[in-house]
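Here is the structure we will look at, set down as structure tokens.
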Amino acid sequence: MQSNIKQLHDQIATGSFLALARGITIVENELEGYDTLLQNLHENRHARVIGITGPPGAGKSTLVNALLSHWLKENKKIAVIAVDPSSPFNYGAILGDRIRMSSYYTNPNIFIRSLATRGALGGLSSKIIEITDLVKDANFDLVLVETVGVGQSEVEIAGLADCTVVALVPEAGDEVQTLKAGIMEIANIFVVNKADREDAEGLYGNLRILAHERANGAEEIPVLKTIATQDKGISELADAITHFLNSQEALPEKRIQLLTEKSWHLMQAQRMKGINHTQLKNELADAIKKEDFNLYAFTKGFLSRSSNSGQVK
Ligand SMILES: Nc1nc2c(ncn2[C@@H]2O[C@H](COP(=O)(O)OP(=O)(O)O)[C@@H](O)[C@H]2O)c(=O)[nH]1
Ligand SMILES: [Mg+2]
């Protein structure tokens, strides 16, 4: 291993936040040493990854905040990775998160990093996987990853986390039926947040029914009510997470499944390297001017012109 990267990795592994921040920047921007750093991570660290997903405004950041306070009292060392949509319309929310979490920025047991999501196909999940794995190597007990669950990303986080918490709010009540398929697959724990609202009971009831139907005799997915802003239901949530993680320890099958998903995403991203959507659009705009334009021939040609096929830097 290049000696400077080795040194950086040693510093990360012994818990230097400064080194970790540097490492994340290297991975995020694929700077020199990026591959070496990733290829020397220790997969078998004890840190567990908890994914918190759900629609915007469900209270995910507030839940993360409340969980942080809870686990800090148990002397846990925790990293938070907040994946923020890069859309400028969401910028207010990002700042909001930062302000609310700011009291933790100086705590030596807490590391917080916001990541902007990338629009490119395959870019989002593989970067988050890589950064989460790097963070896992940095001597934490828990790594919390907050992602906005809009469609596909919910499924992606399930391939990343040892325990996936899906946070929903009463407004989501009507959507539960439509969300059912995908969300049931990925949730290890359901949280009905904003339980201070009257209509929370309805959503809670519906989720309980779904969880029951789904379990089919096996253990049901827990459905918990929280009021994150008042710290209500938080210790129950923390217990449910711990219980789930402990119950998984003895199941190598789940770990293999998780690693398969992660590897699959990483391969997808490797294969898509060098393929640029804007460039595709520009070249296509030119190509269609030709009388004999054919999409299949064009696609094949574009692919072979793109510096592709997963070569390692
Ligand atoms: N009434 C109520 N509001 C909450 C609760 N949890 C979060 N909120 C508020 O809901 C808004 C969105 O919360 P936030 O954590 O940023 O949601 P995120 O987008 O899912 O991360 C904020 O104004 C929170 O103060 C709750 O349990 N009850
Ligand atoms: Mg948030």
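The values are calculated or read from the model by the stated rules, or taken from the named source; none is laboratory data. The structure displayed is predicted, hence computed values, not measured ones. Positions of Cβ are generated from backbone atoms using ideal geometry, with glycine treated the same way; all protein chains shown enter the neighbour counts.
Brief remarks on what is shown
- Qualifying positions in segment 204-233 - basic (Lys, Arg) and at pLDDT 85 or above: 208, 225, 232
- Residue in segment 193-203 that is in contact with a Leu (Cβ under 7 Å, 6 or more places away or on another chain) and at pLDDT 90 or above present: yes
- Elements of the type helices (runs of 4 or more DSSP H) sitting completely within segment 178-292 and holding at least 3 residues that are polar (S, T, N, Q): these cover 234-249, 252-272, 277-287.
- Extreme residue, nearest to ligand 1 (Cβ to nearest atom), among residues of segment 69-81 that are surrounded by 15 or more Cβ atoms within 10 Å (Cβ to Cβ) and over 17 Å from the mean Cα position of the chain (by Cα): 70
- Enumeration of residues in segment 256-271 that are closer than 11 Å to residue 126 by Cα and either modelled with pLDDT of 85 or more or not charged (D, E, K, R) (or both): 263, 264, 265, 266, 267, 268, 269, 270
- Selection of segment 2-19 for residues being surrounded by 14 or more Cβ atoms within 10 Å (Cβ to Cβ) and more than 25 Å from the chain's Cα centre (by Cα) yields 5, 6.
- Qualifying residue in segment 268-279 (condition: closer than 30 Å to residue 38 by Cα and β-branched (Val, Ile, Thr)): yes
- Cβ-Cβ under 6 Å pairs, at least 6 apart or on other chains, segment 44-66 side more than 18 Å from residue 252 (Cα to Cα) and more than 9 Å from ligand 1 (Cβ to nearest atom), far side outside any strand (DSSP E or B) and modelled with pLDDT of 85 or more: 51/161
- Complete set of residues in segment 16-61 that are among the β-branched types (Val, Ile, Thr) and modelled with pLDDT under 90: 53
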